[in-house]
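In what follows, a structure is listed as structure tokens, so that the remarks can point back to it.
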2 protein chains.
Amino acid sequence: MTGALHVFDEAIAVTPLPDATFTARTHPAYNNMVGPFGGVIAGSVINALQQHPDALGAPLAFTVNYVAPVAAGEWLLRPQIVRTNRTNQHWLFTVEQGGGIVSSGSAVFGVRRDTWGDTEATPPAAGEPADHEPVWFPEVIAWDKNYEKRFVTGRWDAQSDDSTSTLWVRDNPPRPLDFPALASIADVFYPRVFLRRGGYVPAGTISLTTYFHATEAELAAQGDDYVLATAHSARFVGGHFDQHGQIFGRAGALLATTAQIVYFKDAASAR
Amino acid sequence: MTGALHVFDEAIAVTPLPDATFTARTHPAYNNMVGPFGGVIAGSVINALQQHPDALGAPLAFTVNYVAPVAAGEWLLRPQIVRTNRTNQHWLFTVEQGGGIVSSGSAVFGVRRDTWGDTEATPPAAGEPADHEPVWFPEVIAWDKNYEKRFVTGRWDAQSDDSTSTLWVRDNPPRPLDFPALASIADVFYPRVFLRRGGYVPAGTISLTTYFHATEAELAAQGDDYVLATAHSARFVGGHFDQHGQIFGRAGALLATTAQIVYFKDAASAR
């Protein structure tokens with residue numbers, strides 16, 4: 001890791017301006033079919049907030065709403081600290097291009113304290129990463145090349161009556177896990193409607209919420225190893241579906257939980 | 001329902017001001033131990049946004065961050081339409097008292113279209129509402145009186161190694177279900193840490209996200225009947241825990257999914 005930045009660090013790089021806003025640029029390596037991969041917008045916002053001189057603690061909750069297509073090029077992050085309490089801090093933010101808002105949302109940062117704890121969620125049976133072949137999405141999805149994905153179940157090119165996908169995944173090339181990376185991996189699942197419908201359906205995330213559970217020690221222990229990511233939908237109705245996901249570390253710690261609501265369009269809706 | 005308003009309608013009442021803000025008042029019937037029940041703030045915000053002259057479609061996603069204690073009395077809702085697209089609309093909002101922000105968040109409204117659909121989530125085994133006695137929280141929790149809660153599992157006064165609570169619940173007295181009511185019921189679960197620790201622990205919701213799946217036909221069919229609400233935590237760590245919930249209609253339709261991140265303090269954190 002001497003010399004060149006990791007491509008993810010290039011993509012999430014932000015430049016603080018004197019008025020406490022930040023500029024960033026879309027990165028061609030994280031292009032999606034239309035516009036940038038949503039995960040890298042999420043990761044960039046988390047990266048910026050963590051660098052803010054008044055940030056308190058670490059990311060705890062994050063909601064980003066994908067409001068309008070993000071064009072290739074520069075964007076502006078305008079964060080607002082709504083309130084800083086003793087152990088948590090509330091943010092609102094907008095992502096702007098050409099004076100218009102293209103994403104918006106909120107974040108909560110928190111100070112972790114020493115308390116009783118327990119994890120009830122259990123990682124799905126997944127064997128070892130080496131038990132599963134890496135799978136790549138079609139060439140048209142640039143960002144895919146930056147995530148090595150070893151599907152345990154629910155490959156993108158399958159059809160199933162169960163919307164669950166479970167995969168071992170890590171940055172490609174490997175990169176130590178941190179909160180921006182976790183925020184981005186929360187969006188690494190392809191749209192669940194593909195799996196249910198057995199093929200491509202126009203779809204896009206509208207709103208994404210992630211809760212960060214990882215401790216600093218767990219992130220350090222994780223290093224650049226694979227995480228185990230699993231997601232499923234509860235309901236598809238009226239042109240939208242939800243997705244609920246969990247991200248476990250290599251040793252089984254629940255690092256994050258995540259949910260999103262997604263727009264989709266299929267034959268029936270085109271009538 | 002002739003004459004007097006339902007107490008929930010009293011509590012979520014909002015008054016539009018000429019500048020497109022709204023005023024509301026806390027209602028003593030929905031007091032929590034400290035300040036108002038979070039659900040009724042959520043319901044009031046949804047109620048106001050639905051009344052906004054420029055609102056498009058129906059609530060689809062909603063995130064509210066509980067930033068600071070809400071004092072008894074009047075509060076101001078300042079909604080901002082971030083962008084209106086063809087089939088969805090993005091909002092940011094703040095709830096203010098005395099010039100300070102006490103809650104903030106975002107909402108997405110959407111137009112439902114005729115598409116393929118399916119529900120993968122299945123209601124937990126729960127028998128009939130009449131199979132379970134109504135349970136009431138201690139007198140100090142005023143809002144509790146407005147929800148008839150028939151616990152199937154995970155009563156608030158129990159201890160369990162499983163954080164799941166499942167209950168039949170409806171407004172008391174009964175009231176036809178709508179989006180504000182659903183937004184409020186999403187917060188009807190007491191803190192999961194009580195169930196795990198077998199008693200009261202200081203705790204408060206920091207951020208709550210709800211996705212609305214209910215169709216207009218399902219809401220109409222539901223009427224003022226019970227919904228089946230279930231919630232559990234995935235992880236308790238560092239003074240926070242998450243909660244993931246589902247709300248099913250009487251006939252089994254998945255009306256909403258909801259998640260929240262909650263602050264808690266126990267003996268270990270007081271050291």
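Details
- Counting only strands (runs of 3 or more DSSP E) that fall entirely inside segment B:72-153 and contain at least 2 residues that are buried (at least 16 other Cβ atoms within 10 Å of the Cβ) and among the aromatic types (Phe, Trp, Tyr), the qualifying elements are B:88-97, B:147-153.
- Filtered residue count, segment B:216-271, keeping only those that are in a helix (DSSP H, G or I) and either of a type outside the set (A, V, I, L, M) or without any contact (Cβ under 8 Å) to a residue 24 or more places away in the chain (or both): 9
- Given (1) farther than 20 Å from B:Ala214 by Cβ; (2) more than 11 Å from chain A (Cβ to nearest Cβ); (3) not aliphatic (A, V, I, L, M), index of the condition B:Gln80 fails: (2)
- Positions within segment B:222-241 being surrounded by fewer than 23 Cβ atoms within 10 Å (Cβ to Cβ) and closer than 12 Å to B:Phe189 by Cβ, in sequence order: B:Thr230, B:His232
- Of all residues in segment A:61-71 being surrounded by fewer than 19 Cβ atoms within 10 Å (Cβ to Cβ) and more than 9 Å from chain B (Cβ to nearest Cβ), the one that is farthest from B:Val67 (Cα to Cα): A:Ala71
- Checklist (1) out of contact with any helix residue (DSSP H, G or I) (no Cβ under 9 Å at 6 or more places or on another chain); (2) surrounded by fewer than 18 Cβ atoms within 10 Å (Cβ to Cβ); (3) within 27 Å of B:Thr258 (Cβ to Cβ) applied to A:Thr209, failing item: (2)
- Filtering segment A:187-215 to residues that are in a strand (DSSP E or B) and among the aromatic types (Phe, Trp, Tyr) leaves A:Tyr211, A:Phe212.
No value in this document is a laboratory result; all are computed from the given coordinates. Just so we're clear, the structure is a prediction, and the values are computed from it rather than from any experiment. No Cβ is skipped: glycine too gets one built from the backbone with ideal geometry, and neighbour counts run over all protein chains shown.
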